[in-house]
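Structure first, then comments.
FYI, it's all coordinate maths here, none of it is from the lab. Keep in mind it's a predicted model, so treat the numbers as computed, not measured. Glycine also receives a Cβ, built like all others from the backbone with ideal geometry; neighbour counts cover every protein chain displayed.
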Amino acid sequence: MTKPPLLLFLAHGGDPHRVAMAPALAAAAERAGWTFDLYYDGRRSGRHFGGWEDGNRTEATGTGSLMAGGRHLDHALWLTTRFRVVALGDPASPLWPVVEAGGESALRSTDPAALYETAFRLLGQPIPEEVAVLDMAPQTPLGIVAAPFLYPQLMAAPCLGIDISADAGLRDRLEALGARRFTGHCVDPVRARGFPGGLDAAEGKVAGESYASFSAALARRHAGWGHGTLLGDPDLIAAQLPLAATKRLLPLYGRPQTDVIERAADLIQAGADPVYGRQFDDHDFFALGRLGRGLQIVDPDPPFASTAAVPLRIAEPPRPFTDYEPDDATLRRWASEGRVLTTLVLWSGMIRELHCIPRILDLVAATGLRCGLVVTVDSLTQSSPADLALLSVPEERGGVLGRVELLLGSTGRGVCAEGEMPDGELARLLTDARAEIATMLPPGLIPRGWWPLVDSPLVPGRTPRLHWEEGRPVLRISPRPRPSETPAASVETVPEGTPRTAPRTGTSAMDARRMIGNALRRYRLDRFYEAWRPYDSARPGLLRPEVAAAVQSAGFDYMWTKSGFGSAEPMVTDGGFVALPFTAGDWDGWSPFYTIRNTTQVRAAERRLTHDGRPGWLASNIDSILWMLPGEVLEKGRALFQVAQLVANGGGTGTLVNVTPNTVARYARILAEAKAGHTVSTPPKLPPVLPPEAPNDTRQPSRDPAEVA
């Protein structure tokens, strides 16, 4: 079968021409019926990007996964198995050996003119006479980088694109190809005057704008082209051009992003769910929730957007998934014995978090853990079939069948504060998402449970200012103020050539704070201090019945809720739908999220839940991105392994029963029935228990490091 053609553009992340060239190439490929994708190489940290913090950034922050840990080369090789990949671009790109192993090399060069000549000839397209000249350098004291936000204009009509830094030789080579008109778009006036041969016209300006006003105005200008939203900083917008071009996403950004979300609320609501991009901070999830939209988070790295065109195929398991769950008789017996069931729910529902999935499956296989894995439609469509195929492969053949249950997260395609959504929107989005997932997964793997970010309104809560962490006292101090933008006309001018990549918030108070922070870090005293977190003064309130009704109407059997934390008391409807509170861990504070961070929290919850001999469940979240992104796992992987081992092996007492989340939901129904009918007897002391089919398990029980010592 003939493979569909794909044009792959390779460039270094520091090449200013790449941002102008990519949309011109993408548009030409679209006109020719080709798929387009790109890869920008650069130094990466592989760490979790939780939002911008002015004054605490490096060039590797927020740049995505490490090349090896994120399997960038594997993703490129996968493209060559599904497409006829024809690559062109930077000869130093690390992808060339892999691409050429299964694809074709059209041209190795960094010269825009040579690349355009080769690409347009390959695509059978005429060379346009119009050249769009963009500016990748920061402008105004706010440091606005305009070029990445202009791709809708470059894709609307045939043109070439270059950066304002082009020299006379590049202009001559483009004119030799047939270029006749050079138009500047949002170019700094000083740099525009220095363009070789001059510009024939100049359109748009950045002076006097903030990121929010600038990007919102551009989005409105191109609203007829757009079908959705791409929300993020210039580097992310540039790297996700293939996703934006395919889905026709309008780019938006603000510092903070809530400014632009409010300014462009009508455009966001008119566009499709989800909004793609990444958060400035977690306030974005609430602002988008009020608009009825979730955020699907991406980083500037693979998986390539074009892989979404490849259908996901997971084999039907040899035995039904339910065969691996205990039957009702066993659950009733456990209830009569006062057993506490335990499970972990691992969040990994964003595209940027797909790099965690292989490590999650390895963790399950190595420890014997039973758990839930939260996914979304987009995380499934962009995932590697080589990873998710293991969900239906039996353990004896190297898989995790029966140990990992899929749950659908938040809106089904993205994540937001569900309790803030307009009436009816959550039910509609979940119904559509569940129907699409049914076309991708075998029946036994279709999610029966739903996971929320924060399904309840937040109410005032208390967090102690002084607490103990890993054996040391930690004092919470006032948080860093959220950055804000002031239009450039009201602030100082910056000499030409001065780099400025972030707005100045340089008040004397901020300078003093930075000086004190540097001194604390120098003497390693910073480990005794922690900034007061955005959600330390809040907690989830009562569960909104309309949220539970929406989830039930979408076809789910049960849901987790952030309400009622710590209590193993479910809400059960007449139809048997169950809402389950989490019972272990603590309030994250940075995000509106309960999570487990160490074995101490598991043991504390175990003591609390088992002290009176009543049946119940120990359940909490694992925020996978904080543990298993390629840069994080090197530092924190051992601690997560210990948590998984402890849960899989029955806790510190050995009496907990590790199960999947659906089993907890079934157990909760049985406990609710027993409470309504009669009291369940609970013997005072319990022997350790092994899950079903575990008698043949050869794994060694976990041991606490302190016990070993």
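Relative contact order, whole percent, for region 5-309 stands at 19, derived from Cα pairs under 8 Å and 6 or more residues apart.
Cβ-to-Cβ counts within 10 Å put Lys247, Lys562 in ascending order as Lys247, Lys562, the fewest first.
Each residue of region 168-177 is assigned a 3J(HN,Hα), and the resulting list reads 5, x, 5, 4, 4, 5, 5, 5, 5, 7 Hz, derived from the Karplus form 6.51 cos²θ - 1.76 cosθ + 1.60 (θ = phi - 60°), x at Gly and Pro. Within 10 Å of each residue's Cβ, count the other Cβ atoms and sort Cys371, Cys159 from fewest upward. With the sparsest Cβ surroundings first, the list reads Cys159, Cys371. Restricting to bridges with both residues inside region 5-309, how much of the DSSP beta-bridge set is antiparallel, in percent to the nearest 5? Given both bridge residues lie in region 5-309, the antiparallel proportion sits at roughly 5 percent. Taking GluC sites (Glu not before Pro) as exposed when DSSP calls them loop and at most 11 other C-beta atoms lie within 10 angstrom, the chain has its longest site-free stretch at 1-469. Since only Thr110, Leu250, Thr63 are under comparison, the one whose Cα sits farthest along the positive direction of the charge dipole of region 5-309, derived from C-beta charges on Lys, Arg, Asp and Glu, is Leu250. Over region 326-457, Cα pairs under 8 Å with separation of 6+ residues give a relative contact order of 22 percent. Listed from fewest to most Cβ neighbours within 10 Å, the set Asp423, Asp235, Asp15, Asp273 follows the order Asp423, Asp15, Asp235, Asp273. Summarising the strand pairing of the chain, around 15 percent of its internal DSSP beta bridges are antiparallel.
Relative contact order for the chain: 14 percent, from Cα pairs under 8 Å spaced at least 6 residues apart, divided by residue count. Rounded to the nearest 20 debye, the dipole size of the chain about its Cα centre is 1200 debye, using +1 on the Cβ of Lys and Arg and -1 on the Cβ of Asp and Glu. When the charge dipole of the chain is built from unit charges on Cβ atoms (+1 for Lys and Arg, -1 for Asp and Glu) and taken about the Cα centre, the candidate among Gly402, Leu25, Val459 whose Cα reaches farthest toward its positive end is Val459.
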